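Student: So that we are looking at the same thing, I have put the structure below in structure tokens.
Just so it is clear, none of the values below were taken in a lab; they were calculated from the coordinates. Note that the coordinates shown come from a computational prediction; the quantities given were computed from them, not determined experimentally. Neighbour counts run over all protein chains shown; Cβ positions are idealised from the backbone, glycine included.
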Amino acid sequence: MPGSLTDTGVSRLLEWFEASGADLPWRHTRDRYRVLVAEVQLQATPVDRVLPYYANWIERWPTAEALAAAPLGEVLAAWQGLGYPRRARNLHRAAQAIVSDGWPERLTDLPGVGPYTAAALRCFADGEAVLPIDTNVERILARRFPEGWPGTPEGAGWEVGQALMDLGRLWCTARAPRCERGCPLRGGCLAADEGVVAEVTPKRRPQGRYEGSLRQRRGTLLASVSSGGTPAVEEDSEAAESLVRDGLVFQVGDRLHPIA
Ligand code: SF4
């Protein structure tokens with residue numbers, strides 16, 4: 001029954017989360033800016049790796065105003081090691097847009113904010129009953145709720161969203177779901193009952209090798225610039241051009257320099 005605690009899957013999920021939900025720093029805030037920082041950092045980066053970066057970020061730039069006023073070079077240096085540095089540049093631009101124009105009606109108008117992050121802001125900052133559907137949630141829906149999401153109990157939007165994140169990270173994982181090892185939603189899980197968990201899991205495009213990839217080569221050059229070097233463009237012209245194009249470094253003559 002949509003929106004009712006009589007649905008056993010949803011009520012069990014909420015009971016389990018109340019008893020066992022992870023204590024994560026971004027769960028102690030409903031501040032939109034801080035939720036945005038967490039969500040952007042968590043895109044494509046595991047929770048454990050994000051934790052020290054999030055703490056450092058919020059200590060240095062606790063508000064959108066503080067981040068907007070910071071030099072982009074410092075922002076990129078603080079991001080070093082998290083990967084996909086375009087996220088840092090977009091976060092910086094988003095903070096500047098928020099400071100100059102306020103939060104837009106359409107959150108996807110902010111740089112780097114796609115439909116998932118917009119839904120996460122509405123759910124985790126504003127407490128709306130919106131499901132932020134990332135790959136974890138998509139997988140859980142396909143496996144445990146194949147008929148569609150049965151409905152979020154009134155006032156439980158935040159809890160449902162966070163509970164699904166924990167379930168997807170700790171139990172209903174992509175490669176090794178722990179169906180028979182205590183999954184809190186095992187009861188009533190038809191995919192597990194019928195042994196078709198792998199079959200019903202949405203297929204993801206296989207990621208290319210990181211070793212030797214453009215992403216890795218960009219990271220190497222950017223790390224060199226961030227640590228004070230001025231590498232020559234010809235060291236890796238493809239990676240260098242791509243960093244310049246993304247506004248993450250600038251080129252003077254044949255050398256790369258940090259953004260001030
Ligand atoms: S029983 Fe298995 S497939 Fe079903 S929700 Fe739990 S981990 Fe996912």
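Student: Given charges of +1 on the Cβ of Lys and Arg and -1 on the Cβ of Asp and Glu, with all other atoms neutral, how large is the dipole of region 108-161 about its Cα centre, in debye to the nearest 20?
Tutor: About 240 debye.
Student: Enter the angle in degrees (range 0 to 90, nearest 10) between the Cα long axis of helix 32-42 and the first principal axis of the Cα atoms of the chain, meaning the one along which they spread out most.
Tutor: 90
Student: What angle do you read, to the nearest 10 degrees and between 0 and 90, between the alpha-carbon axis of helix 214-226 and the longest principal axis of the chain?
Tutor: Here the helix axis deviates by roughly 50 degrees.
Student: Given only helices, namely DSSP H runs of n ≥ 4 each adding -39500 (n - 2.57), what is the per-residue ellipticity at 222 nm of the chain, to the nearest 500 deg cm²/dmol?
Tutor: Value at 222 nm, helices only: -14500 deg cm²/dmol.
Student: For the chain, the longest stretch holding no trypsin sites (Lys or Arg not before Pro) located in a DSSP loop with at most 10 other Cβ atoms within 10 Å is which? If you can, show how the numbers build up before the last one.
Tutor: Working: sites that count: Arg106, Arg175, Lys203, Arg204, Arg209.
The segment 1-105 is the longest one with no such site.
Student: What is the angle, in °, between the Cα long axis of helix 8-20 and the longest principal axis of the Cα atoms in the chain? Nearest 10 is fine, range 0 to 90.
Tutor: With rounding to tens, the tilt is 60 degrees.
Student: A further question on this structure: Size of the dipole of the chain about the Cα centre, Lys and Arg at +1 and Asp and Glu at -1 on the beta carbon, nothing else charged, in debye to 20?
Tutor: 500
Student: Something else about it: How much net charge surrounds Ala78 when only the other residues with a Cβ under 11 Å from the Cβ of Ala78 are counted, with Lys and Arg +1 and Asp and Glu -1? Walk me through the numbers on the way to the answer.
Tutor: Working: positive: Arg60; negative: Glu59, Glu74.
Residues close to Ala78 contribute a combined charge of -1.
Student: Using Cα pairs under 8 angstrom and six or more residues apart, how large is the relative contact order of region 168-260, in percent? Intermediate results must be reported in sequence, preceding the final value.
Tutor: Numbers: 71 pairs, mean separation 16.0, N = 93.
17 percent.
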